[in-house]
Amino acid sequence: MKARAEIGIIGGSGFYSLFDESESLYVETEYGRPSDLVTLGKIGSRSVAFLPRHGSRHILPPHKVPYRANIEALRSLGVDRIIASNAVGSLTEEYAPGDFVFFDQFINMTHGREESFFEGAPVSHVSAAEPYCSELLSLAANEAKSMRIKYHSNGTVVVINGPRFSTKAESRLFSSQGFHVINMTQYPEVMLARERGICYLGIGIVTDYDAGIEGRSDIKPVSAAEVNRVFAKSMETAKRLILDLILKIPKAHSCSCGDALEGAVIVP
Ligand SMILES: [Zn+2]
């Protein structure tokens, strides 16, 4: 089958306006239905598929997002690179609200999610040492630099199950471990992409300081209203970054994401 899309975008419903013209496609996968219809359109000469992670009406909480169906739906359309945007809380003062973070590592603290495509034979253990695409990471950092966005080119994201936010004790623990930001959706999304050999770029937009910063009584714990306010404000910048980035992604891959399954399968 001819690929319908080469690049996938997963994020909030604000990304619908990335396309001048688009069509929406109902996709069914063996892992069920994705979060919503997949929207297909062009950015420059590149064919792009967009999927709103929480559904177009934001009805799916982080622990109920059909992560496997989402990745499989994009893969079935031919997508071999995914750019994903996420709201994140900061665990350190240097990562301030409004900053952009390109994740390079994650810590998984979620539970009960369907987190792998490999549920039987052949038994496979995919390396997670470098879960994010090195090529997309460096392209994104270059683009953010030329756009003069305040960004961090490395970020360890701790992924919690949600939907509640952290207690002060949890936030203090994560912060003391040197994790930079906190989120509820990066896992298993990034690993499922990796299991399918798809390049994955995780862009975090800092919206708040999680449960506050130790010793700073002027910084209040996060609220959903504050997340929405800062995220909406950063949306236009995120869209411009993603648009420019897509135009600069070379057709050929110079990373090894496509080989993620090599040596991962246990042969009896
Ligand atoms: Zn890659």
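For Glu21, Glu262, the sequence from fewest to most other C-beta atoms within 10 Å is Glu21, Glu262.
Where in the range 177-268 are there trypsin sites (Lys or Arg not before Pro) that are in a DSSP coil and have at most 11 other Cβ atoms within 10 angstrom of their Cβ? Provide the component values of the computation, followed by the final result.
Working: sites: Arg194, Arg196, Arg216, Arg229, Lys233, Lys239, Arg240, Lys248, Lys251; in loops: Arg196, Lys251.
In loop regions of the range 177-268 (DSSP not H, G, I, E or B), the sparsely surrounded trypsin sites (Lys or Arg not before Pro) are Lys251.
Would you mind ranking Phe179, Phe19 so that the residue whose beta carbon has the fewest other beta carbons within 10 Å leads the list? Don't jump to the answer; show the numbers that get you there.
Details: Phe179 19, Phe19 15.
Ordered by Cβ neighbours within 10 Å, fewest first: Phe19, Phe179.
Applying the Karplus relation 6.51 cos²θ - 1.76 cosθ + 1.60 with θ = phi - 60° to the range 76-90 yields 3J(HN,Hα) values of 5, 8, x, 4, 10, 9, 10, 10, 10, 10, 8, 7, 10, x, 8 Hz, where x marks Gly and Pro. Measuring nothing but how far apart in sequence close Cα pairs (under 8 Å, 6+ apart) lie, relative to its length, the chain scores a relative contact order of 24 percent. I want to make sure I understand the PRE zone here: with the label point 7 angstrom from the Cα of Arg164 toward its beta carbon, which residues in the range 197-227 have backbone N atoms less than 20 Å away? Under 20 Å, as judged by backbone N against the label point of Arg164, lie 209-213, 220-227 of the range 197-227.
What you get for the chain, charging only the Cβ of Lys and Arg (+1) and of Asp and Glu (-1), is a dipole of about 520 debye around the Cα centre.
Distance between the 7 Å Cα→Cβ label points at Ser146 and Lys248: 0.4 nm.
Take the Cα of Ser153, go 7 Å toward its beta carbon, and the backbone nitrogen atoms of the range 113-137 under 20 Å from that spot belong to 130-137. Within the straight-line cut-off of under 18 Å between alpha carbons, the aspartates and glutamates reachable from Lys42 are Glu6, Asp20, Glu21, Glu23, Asp80, Asp244, sequence neighbours fewer than 8 places apart in one chain being disregarded.
Computed extension length for Ser134-Glu30: 34.5 nm, one decimal, from 0.36 nm per residue of separation with the Cα-Cα distance subtracted.
In the chain, what percentage of the DSSP-assigned beta bridges are antiparallel, given to the nearest 5?
Numbers: 17 of 45 bridges.
Within the chain, antiparallel bridges account for around 40 percent of the total.
For a 4.7 Å threshold on C-beta separation, the list of partnerless cysteines in the chain reads Cys255. Given their separation in residues at 0.36 nm each and the Cα-Cα distance between them, His111 and Ala232 gain 40.7 nm when the chain is fully extended. Spin-label model, Lys42 to His125: label points 7 Å out along the Cα-to-beta-carbon direction sit 4.7 nm apart.
Going by neighbour counts of Cβ atoms within 10 Å, the residues Tyr151, Tyr16 line up, fewest first, as Tyr16, Tyr151.
Just so you know, all these numbers are worked out from the coordinates, no wet-lab data involved. No experiment lies behind these values; they were computed from the predicted model shown. All Cβ positions, glycine included, derive from the backbone under ideal geometry; neighbour counts span all protein chains shown.
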